[in-house]
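**Student:** Here it is, the structure in full.
Derivation of every value follows stated rules applied to the coordinates shown; laboratory data play no part. None of the values given here were measured: they were computed from a predicted structure. Neighbour counts are summed over all protein chains in view; Cβ atoms, including those assigned to glycine, are modelled from backbone coordinates with ideal geometry.
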């Protein structure tokens, strides 16, 4: 059987570890074996789901501070239409990096559809490319890449956003294409305040839960994005916009209770 | 195909020390990242002790590698990905080359990966007439200049902005400039075209997750995301040890990796990739290949005294603290891995005798251990390598490096255990050294194998009377009083 060298390779490892080939697989993946960590996860999940609006706003403040050193813009807005207005304003101000025409690439995502940004963009003569949800053919796919590559803004949502570092967590899914947050010169993410969590400990606890509840959750992969693309490869001088987006904006919809 | 120049350690080190540009760059690099990383560890909510926890996680993974790799490959194959187990460099390169030829690849874009440097992938592709474009800005500069990386994370640290300006004006046809922003913009444009036209993307793997069956790739520039998203074939290479059991292990490991590599709280981009583009998804590679590489690692695994080395996540933190690397630079280490990590791992991979100077050159000061995000005891293993060189070792096929030295130390140990012999030797050397003592009362020119003692410093001659004799004399005088 052709197993691409697996059997021999694994046997070599077993020999090196001096273990009997028939030893039972230890509890490497089973969470039930570690009571302490289960207790801890229950506490963390409780904390997240019972978090008050005011402490969520505190997290937002922490995120705004964390965003500064990585050149990331975190902007609280009250409602989704407010976010749409802000994004359109941004689209009018900024100039395209490649070519003269302005076009925006968007995820096909409930939050973005609810924002209803399409009509306003159309009025301003700004083109739009949507991630196609139907099974894309080869030519369709190439067209999508080509058009995204010349888009100057890419609009996505996110699954979670981590306050401690300003990190966006994006699970890949049909309609939520990873190039929308990658090829355009400016990446804009729209999220709700409830999606902001404190730190990576909370993130991985949530991901563990997702893994149990909906195993298909991260099957297609996942991307963490912390600020714009950057490099310090020339004499250790920081430059933003090496290959990915040169600017990143996160609009956080806080609901009407936000004091500012 | 694989370039190993560990025998030239001394010459390259001297070259490095005499290169003022490199000296300045290394000092700046260590001042920035070395200190930054130490501070980043202190600012961890769990404190620097978290590194010990990370060590335990890594060690547990290494001790269960067989199960973890089986799980990973099973998961990836279930999504339609291909997994190839390569026992050595040649097998890995051959597999990748055949995959490229099958798809008529003319241009491959590559994200920074030390393991592909280890196996000499680029040269093999060049020989087959396939262009491989390095896409990390530092690697791109090095490739344009026809050189090799000198630092794991900052490969072009030895080049100045004016050198890069000249290089770009010549190769990219842009007006000469020394402005890093303009230079970066020029590389962005040139490489964007390559990303969009490449037929294959090549990446490494930072820390795979066995539980979910994903590899992960980490970058700040976004080049690895491009290389793994746009081309229709993606080939990822991983050293067999770069895996962990649970998804939640990544919490600690990524936080420490980011701090170790660049004193960041979190790297710019982390991507989880588990196979080719699934149905319903518009963009992503049609084919995904994972090449898992042994290339000498099972031998390290089999030796419990060196097994710890497989915990390494190749962040480069030890380079940013090492006083030796800080002076000689990366090229002296003669292989893909430089600095303290190279001083241990290179001898183990290419032969301890062949790369002996690497472990002999380090100072054993312990800075690398303090800098390591997974708390690897590099100084312990450096000493162990030295002892194998001194005594020879059949398991690692090490021959004794210096028989004369061994005999000399044998004699020495006999002398120091006998008072009379020691005293005799002292008075003998006192007399003998008189011939070498200069006008200013210093010894500055010893002959033969003793030359090393006085090559770069003067030595004081032994005192006329030994301390113990002086003490005894004064004791007698005290008693008389």
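**Student:** Relative to the present Cα-Cα distance, how much length would full extension add between residue B:299 and residue B:107 at 0.36 nm per residue of separation? The partial results should precede the final answer.
**Tutor:** Numbers: separation 192, 0.36 × 192 = 69.12 nm, distance 3.52 nm.
Using 0.36 nm per residue and subtracting the Cα-Cα distance, I get 65.6 nm.
**Student:** Classify segment B:139-288 as rounded, prolate or oblate from the Cα gyration tensor: take a ≥ b ≥ c as the square roots of its eigenvalues, call it rounded if a/c is under 1.5, otherwise prolate when a/b beats b/c and oblate if not. The partial results should precede the final answer.
**Tutor:** Working: a/c = 2.46, a/b = 1.50, b/c = 1.64.
Judged from the Cα gyration tensor, segment B:139-288 comes out oblate (a/c at least 1.5, b/c at or above a/b).
**Student:** Taking chain B as the reference, fit the longest principal axis to its C-alpha atoms, fit the long axis of helix B:419-433 to the helix C-alpha atoms, and give the angle between the two in degrees, 0 to 90, nearest 10.
**Tutor:** Result, in degrees: 90.
**Student:** Taking the simple approach of a point 7 Å from Cα along Cα-to-Cβ for both residue B:363 and residue B:405, what is their distance in nm?
**Tutor:** In this crude spin-label approximation the distance works out to 2.0 nm.
**Student:** Please report B:474, B:197 as a ranked list, fewest other C-beta atoms within 10 angstrom at the top and most at the bottom.
**Tutor:** On the way: B:474 10, B:197 13.
Placing the least packed residue first, the sequence is B:474, B:197.
**Student:** Any chance you could list P(r) for segment A:28-253, counting all Cα-Cα pairs in 5 angstrom bins from zero, rounded to whole %?
**Tutor:** P(r) over segment A:28-253, rounded to whole percents: 1, 6, 13, 17, 18, 16, 12, 8, 5, 2, 1, 0.
**Student:** Taking the Cα-to-Cβ direction at residue A:36 and at residue B:444 and moving 7 Å from each Cα, how far apart do the two end points lie in nm?
**Tutor:** 6.3 nm
**Student:** Could you list B:172, B:196, A:59 in order of exposure, starting from the residue whose Cβ has the fewest other Cβ atoms within 10 Å? Present the calculation step by step, with values, prior to reporting the outcome.
**Tutor:** Working: B:172 13, B:196 16, A:59 21.
Arranged by neighbour count, lowest to highest, B:172, B:196, A:59 become B:172, B:196, A:59.
**Student:** Now for a separate question. Between helix A:80-93 and chain A, what is the angle of the helix's C-alpha long axis to the longest principal axis, kept within 0 to 90° and rounded to the nearest 10?
**Tutor:** The angle comes out at about 70 degrees.
**Student:** Per residue and in cubic angstrom, what volume does the convex hull of the Cα atoms of segment B:1-60 have? Let's see the in-between values first.
**Tutor:** Working: hull volume 9.3 nm³, N = 60.
That works out to 156 Å³ per residue.
**Student:** Relative contact order for segment B:318-392: what percent, with Cα pairs under 8 Å and sequence separation of 6 or more? Don't jump to the answer; show the numbers that get you there.
**Tutor:** Values: 91 pairs, mean separation 22.1, N = 75.
The normalised contact order for segment B:318-392 reaches 30 percent.
**Student:** Still on this model: Please rank B:290, B:348, fewest neighbouring Cβ atoms within 10 Å first, as an exposure proxy.
**Tutor:** Details: B:290 26, B:348 21.
In order of increasing Cβ crowding within 10 Å: B:348, B:290.
**Student:** Just the Kirkwood number for segment B:358-481, please: inverse of mean 1/r across all distinct Cα pairs, in Å, one decimal. Before the final figure, lay out the partial values.
**Tutor:** Values: mean 1/r = 0.0536 Å⁻¹.
About 18.7 Å for segment B:358-481.
**Student:** Using Cα springs under 10 Å in a Gaussian network model of chain A, which residue among A:29, A:144, A:200 shows the largest mean-square fluctuation?
**Tutor:** Maximum among the listed residues: A:29.
**Student:** What is the P(r) of segment B:22-180, as percent of Cα-Cα pairs per 10 Å bin from 0?
**Tutor:** The percentages, shortest bin first, are 8, 23, 29, 26, 14, 1.
**Student:** With a cut-off of 15 Å, note down the residues of segment B:465-480 whose backbone N falls inside the zone around a label point 7 Å from the Cα of residue B:422 toward its beta carbon.
**Tutor:** B:466-472
**Student:** Which FRET efficiency value, to the nearest 0.05, do you get for residue A:54 and residue A:79 by plugging their Cβ-Cβ distance into 1/(1 + (r/R0)^6) with R0 = 25 Å? Before the final figure, lay out each step's value.
**Tutor:** Numbers: r = 19 Å, r/R0 = 0.76.
E between residue A:54 and residue A:79, to the nearest 0.05, is 0.85.
**Student:** Given just the C-alpha atoms of chain B, how large is their convex hull per residue in cubic angstrom? Let's see the in-between values first.
**Tutor:** Working: hull volume 96.3 nm³, N = 481.
Convex hull of Cα atoms, per residue: 200 Å³.
**Student:** So for segment B:205-335, Kirkwood radius off the Cα pairs, Stokes-Einstein at 37 °C and 0.692 mPa s: how many µm² s⁻¹?
**Tutor:** Roughly 198 µm²/s, to the nearest whole number.
**Student:** I need to check one value: relative contact order of chain B, counting alpha carbon pairs closer than 8 Å and at least 6 residues apart, in percent.
**Tutor:** Numbers: 804 pairs, mean separation 92.9, N = 481.
In percent, rounded to a whole number, it is 19.
**Student:** Hey, rough spin-label estimate for residue B:457 and residue B:3, points 7 angstrom out along Cα→Cβ, what's it come to in nanometres?
**Tutor:** In this crude spin-label approximation the distance works out to 3.6 nm.
**Student:** Counting pairs of Cα atoms in segment A:30-72, how many percent are more than 17 Å apart?
**Tutor:** On the way: 491 of 903 pairs.
Value for segment A:30-72: 54 percent of Cα pairs lie more than 17 Å apart.
**Student:** To the nearest 0.05, how large is the calculated FRET efficiency for residue B:434 and residue B:11 if R₀ is 35 Å and r is the Cβ-Cβ distance?
**Tutor:** Values: r = 37 Å, r/R0 = 1.05.
The formula returns an efficiency of 0.45 here.
**Student:** Can you give me the P(r) profile for the protein assembly as shown? Cα pairs, bins 10 angstrom wide beginning at 0, each as a whole percent.
**Tutor:** 3, 13, 23, 24, 17, 9, 5, 4, 2, 1, 0, 0
**Student:** Write down the percent of antiparallel bridges among all DSSP beta bridges whose residues are both part of chain B, to the nearest 5.
**Tutor:** Numbers: 9 of 34 bridges.
If we restrict to bridges inside chain B, about 25 percent are antiparallel.
**Student:** If you don't mind, there's one more thing I want to ask. Which values of log₁₀ I(q)/I(0), to two decimal places, follow from the Debye formula for segment A:123-255 at q = 0.09, 0.14 Å⁻¹ with a uniform point scatterer at every Cα?
**Tutor:** -0.31, -0.73
**Student:** To test your reading of the geometry: what angle, between 0 and 90 degrees and rounded to tens, separates the Cα axis of helix A:53-67 from the longest principal axis of chain A?
**Tutor:** 90 degrees
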